[in-house]
Amino acid sequence: MSIWEKKPEDGQSDFLAPRPASEETPVRSHSLAEVAVDAGSIDVSPGTSSIEIVAEEPRFTREVEVADPNATRRSNYSRRDSLRGEVFDQPEPAAMLTADRLLDGSARNRPAPEAGFRRFLYFLSLKTINLGDSLAVRERKAVDARIGAPLEGGARFVPVLTRKGGVGKTTVSTLLGMALALAREDRIIAIDANPDRGTLAERVSKSTRFTVRDVVNRAAAVDGFTDFSTMVSRDVTRLDVLASDSDPMLSEAFDEGDYNVVADMAARYYSIVLTDCGTGIVHSVMRPTLQRANGLVIVSGGSVDEARLASETLTWLEANGYGDLVRNAIVALNTATQATQLVKLDEIEQHFKTRVRAVVRIPYDPALAAGSVIKFADLKKGTREAARELAALLVDSLNNPN
C-alpha cells in the first residue's frame, strides 16, 4: 500500500482515502526541494515583445439619464414659474404686462406726499426724499378705497328705517348719501318714500320742484338720464335727491305700485338707491322696499325708548322673514338726540352688536341740529368720519354679506 493511501476504518467513508495513482491522482516524481530555481539564472531584462493590456470591465454599468430639453417646457405661462427658470413653448402673452410688474414702486417714483412736513421735505429735496403719506392720510385713503369698491350686478337698494320718528333718520340718509357720492365714481340717489310728507329734499339745495309723483306721472316719457335728472336735486357732493309729495293730501296716494315705478326708473341710472322710509314700518311702501333691499340701515337714538324701538324693529324684520337683512344690517346710533348724556351709550352699542353687522355712532354736530341744508364740508371732522365709516361698512356689506 502506498503511503498516500489509508484504509478506512470501520464506520468511516471511503472517500477520505486517496485513490490509486493509476486512476486519477498523478504520481509525484520529485520533491519540493528539487524545484527550487536560482533567481540569478533568469533573464529579467525587458523583452521586445509587446503585451496587450486588457482593461477590466466593471461588474455594474451605471445608466446615465439624458435630460430631455423639452421635458420642462410648458404652455401655461406664469410669471412666478418664469422667474424660477422654467422654459415655455410659447412666447409670453401680453396679459403678463401688468401694472404691478412694470411700474416702479420705489420711493423715487411714489406719488408725492399729500400735505404737511413730508410734502415740504419732498419738494425741498428736489423730489429725492419721499417719505410717503402720513398714517392719517393712508387711513383716509383706505376708507376711500372701501367706499369706492365696485359693485357687481345691477342697482343696490338700501332702506334707511326705524319705527320711531325724530331720531335723525333723514339726517342719516343724507350723510350716508353724501359720503357715498363723494368717494364713488358712479351715481347715488336718495329717494324720499315717506307716505307722510318727508323732509329729505330740505337737507340739500333744491334745484327742482319735481317729486316722486311727477316721476310716476311722466315715467313713460322719460327717455334717458337727461330727462330723469331734471326731476332730482343734485348736491355739490353729486348726491341726487328725489323729493316726496309736498302736498299732504296727495301723500296718501303714494303706494306700493308708485314706489315700484320710481324704483324701476332709478335702477336704470344709479348704482346705489337709498330709500328714506319714513316713520313706521307697516305702511304699504315698506313691502316693496324690503323686497328689493340688498342692505339695511337702522337708525337709533340715544335714549332708552329710542333704542328699544330700534331693537323691536329688528325683531319685527326677523319675524317677517328678513333675518338675513338683519344680520347684515348696520345700526347708526345718533347721539344728537335728547337725554344721551344720561344713557350708557356703550351698553346700547353692545346690545346691537349682538344682532347686526356693525354699529356706527353719529356724534352731535350743531350743523345737523339746525335741521336745514347740510353742507358736508362744513361738518365737524368727527361727523364726516362717522358718515364715511358708515358708507364704507355699507359697501362692505353689499359686497360681502354675512
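Using the basic label-point model (7 angstrom from Cα toward the beta carbon), what is the T230 to L103 distance in nanometres? Taking the two extended label points, one gets 4.2 nm.
Per atom type, the stretch 176-215 shows carbon and sulfur on 40% of its accessible surface, probed at 1.4 Å.
Among residues other than A392 with Cβ under 13 Å from its Cβ, the summed charge is +2 (Lys and Arg +1, Asp and Glu -1). The A377 and S125 beta-carbon pair, evaluated with R₀ = 25 Å, returns a calculated FRET efficiency of approximately 0.15. Label-to-label distance, R355 versus R209, with points set 7 angstrom from Cα along the beta-carbon direction: 4.3 nm.
Candidate cross-link partners of K127 among the lysines, defined by an alpha-carbon separation under 27 Å and a same-chain spacing of 8 or more, comprise K141.
The values are calculated or read from the model by the stated rules, or taken from the named source; none is laboratory data. In this text the structure is predicted, and so the values were computed from the model without any measurement. With ideal geometry, Cβ positions are generated from the backbone for all residues, glycine too; neighbour counts draw on all protein chains shown. Heads up: the accessible areas ignore ligands, DNA and RNA and are worked out on the full protein's heavy atoms, side chains in. Shrake-Rupley method; radii C 1.70, N 1.55, O 1.52, S 1.80 Å.
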